[in-house]
Structures are given as structure tokens and as C-alpha cells.
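The values are calculated or read from the model by the stated rules, or taken from the named source; none is laboratory data. Only a predicted model underlies this, so the values are computations on that prediction, with no experimental measurement involved. Cβ placement follows ideal geometry from the backbone for every residue including glycine, while neighbour counts extend to all protein chains displayed. Areas reflect the complete protein model, heavy atoms only, side chains present, ligands, DNA and RNA absent. Shrake-Rupley method; radii C 1.70, N 1.55, O 1.52, S 1.80 Å.
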Amino acid sequence: MKTRIIALSGSLRRDSYTTKLVKAFQKSAPEDVALELIEIGNLPFINEDLEKDLPESVKAFHEKIRESEAVLFATPEYNRSYSPVLKNAIDWGSRPEGQNHWNNKPAAAIGCSPYSLGAFGAVNHLRQVMMYVNLLTLQEPEFYLSKASCFLGEDGNVSDPETQNHIDAFWIAFTDWIERLKR
Ligand code: FNR
């Protein structure tokens, strides 16, 4: 049985580098891992009024989290933080009150930017919130990719060997982390 990991991309943009980064992680995933990019753009804005009768999209999202063994969060950087679409998904995953679907789930955060700081600010804000919702977050290695437009192609192709090595090393650490938490 493959280890089922879900990936959330914090960008809804058609040609998103963040989504391309997730595709690069999919292409480089170990054979015994199934990394599924899941839909979060269909979730309504978080609104406690909706919690009495949860929308189908939220129920389906909760089911995806429940079925997964781990979660990979990929974020762009918006004004030195992570994206609202990702925050919205994290918030829905933690609701209704008393039903935190993230609780004790192994997780990791990655980010990229076409500019020089590689979404460092975004990933650090993201990790802070991941800690609060009790996602068991991989600490090392960190993953920030700058100049993403130069390195990430279509269908998970990575043109830069150093970036590819970083992705491979990240996978080794992340799968080891997931295994360790099973013990
Ligand atoms: C950005 N961008 C950006 N980039 C960055 O490196 N640091 C930042 O703080 C910001 N701030 C920011 C705010 C907003 C509102 C937008 C829309 C964009 C640029 C951003 O990195 C760029 O648009 C990426 O291409 C977005 O990621 P995707 O959509 O390619 O995954």
C-alpha cells in the first residue's frame, strides 16, 4: 500500500509556479508514495454560519484530510505571508469547533517565488499556523525556491540539478518523518 499524502497549492492561478512545484514533488515522489493535489479553490470563504449545515465541498475536503496519512502545503508569497486561499483551507480543516481534522497529522511546508527570497516569509507564517492546529510539521530541511520561473517547467520538470537534489532530499526527510511518527 502506498503512503497517501495530499498536497494543497496556495495559488489558484492557471500557470502557478506553486502548483508546478507540487507537480515537481509528484514527479519526484518515492515509488511507495501517492501524492494527490487536492482542490481548495472550491471552498467557500470561512463563515461560522455555514457550520450548521456544512457545504458539500467542505465535507469532501474533510474526507480527503481524513483519508490521508500526511499533508504537503505549498505556498506562494503574498506581501511576505502565505496566501488567503491556503489560510481559508487550513481554517476549514480546523472546523467545526472541536473537530480539528489536522490534529496529529504529519505535514510539511514548501514555498516558491519568481523573486529572490523564495517565499521565506510565507513559509514561516504558514509554519506558525500549522503548529497551532497541531500538524506535526517537519522542521528540517526547509524548502524555499527563489527564481521559480527559471527552474520549474510543465508537468513537474525541474531544469536545475540543485533544485532537483533539494526536492529529493526533502522527500527522504519527509517520508522518514512520516514513518517515525507511526512508531
Ligand atoms: C505577490 N508576489 C510576491 N512575491 C514575493 O516574492 N514576495 C511577496 O511578498 C509578494 N507579494 C505579492 C502579493 C500579491 C497580492 C501577489 C498577487 C503577488 C508575487 C508572487 O510571488 C508571484 O505573483 C507568484 O507568481 C505567485 O505565485 P504563483 O501564482 O505563481 O504560484
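For Ala70, the residues whose amide H sits under 5 Å from its own are Ile6, ignoring neighbours fewer than 5 places away on the same chain, with H placed 1.01 Å from N.
Taking Lys and Arg as +1 and Asp and Glu as -1, the other residues whose beta-carbon sits under 13 Å from that of Lys27 total -2.
Measure nothing but the geometry: give the 0 to 90° angle between the long axis through the Cα atoms of 56-67 and the longest principal axis through the Cα atoms of the chain, rounded to 10°. Helix 56-67 sits at roughly 60 degrees to that axis. Bridgeable lysines around Lys52 (alpha carbons under 26 Å apart, same-chain partners fewer than 8 residues away excluded): Lys64, Lys87, Lys105.
Once you have the Cα-Cα distance between Ser149 and Leu37, take 0.36 nm times their residue separation minus that, and quote the gain in nm to one decimal. The partial results should precede the final answer.
Details: separation 112, 0.36 × 112 = 40.32 nm, distance 2.03 nm.
Length gained between Ser149 and Leu37: 38.3 nm.
From helices alone, the chain scores -12000 deg cm²/dmol at 222 nm; the rule is -39500 (n - 2.57) for each run of n ≥ 4 DSSP H residues, then divide by the residue total.
Take the Cα of Asn124, step 7 Å toward its Cβ, do the same at Leu50, and the gap between the two points is 3.2 nm.
With each label modelled as a point 7 angstrom along the Cα→C-beta vector, the Asn157-Tyr115 pair spans 2.8 nm. Residues whose amide H lies under 5 Å from that of Thr3, counting only those 5 or more places away or on a different chain, are Val33, Ala34; hydrogens are built 1.01 Å from N in the peptide plane.
For the peptides 118-128, 78-88, 92-102, the ranking by mean Cβ contacts within 10 Å, running from highest to lowest, is 118-128, 78-88, 92-102.
Count Lys and Arg as plus one, Asp and Glu as minus one, and take only other residues whose Cβ is under 14 Å from that of Pro96; the net charge is then -3.
Of the accessible area of the chain, computed with a 1.4 Å probe over protein heavy atoms only, carbon and sulfur atoms account for 49 percent. Note on the chain: GNM, Cα springs under 10 Å; of Asp49, Asp168, Asp91, the largest mean-square fluctuation is that of Asp49.
All other residues with a Cβ under 14 Å from the Cβ of Ile167 taken together, and with Lys, Arg as +1 and Asp, Glu as -1, what is their net charge?
Around Ile167, the charge tally is -1.
One quarter of the surface of the convex hull around the alpha-carbon atoms of the chain equals 10.2 nm², the direction-averaged projected area.
Here the Karplus relation 6.51 cos²θ - 1.76 cosθ + 1.60, evaluated at θ = phi - 60°, turns the backbone of the range 28-44 into coupling constants of 9, 5, x, 4, 8, 10, 10, 9, 10, 7, 9, 6, 10, x, 8, 6, x Hz, with x for every Gly and Pro. Largest mean-square fluctuation among Asn47, Asn157, Asn134, in a Gaussian network model of the chain whose springs join Cα atoms under 10 Å apart, belongs to Asn47. Of all DSSP bridge pairs formed entirely within the chain, close to 10 percent run antiparallel. Accessible area per residue for the chain, computed on protein heavy atoms with a 1.4 Å probe, is 52 Å².
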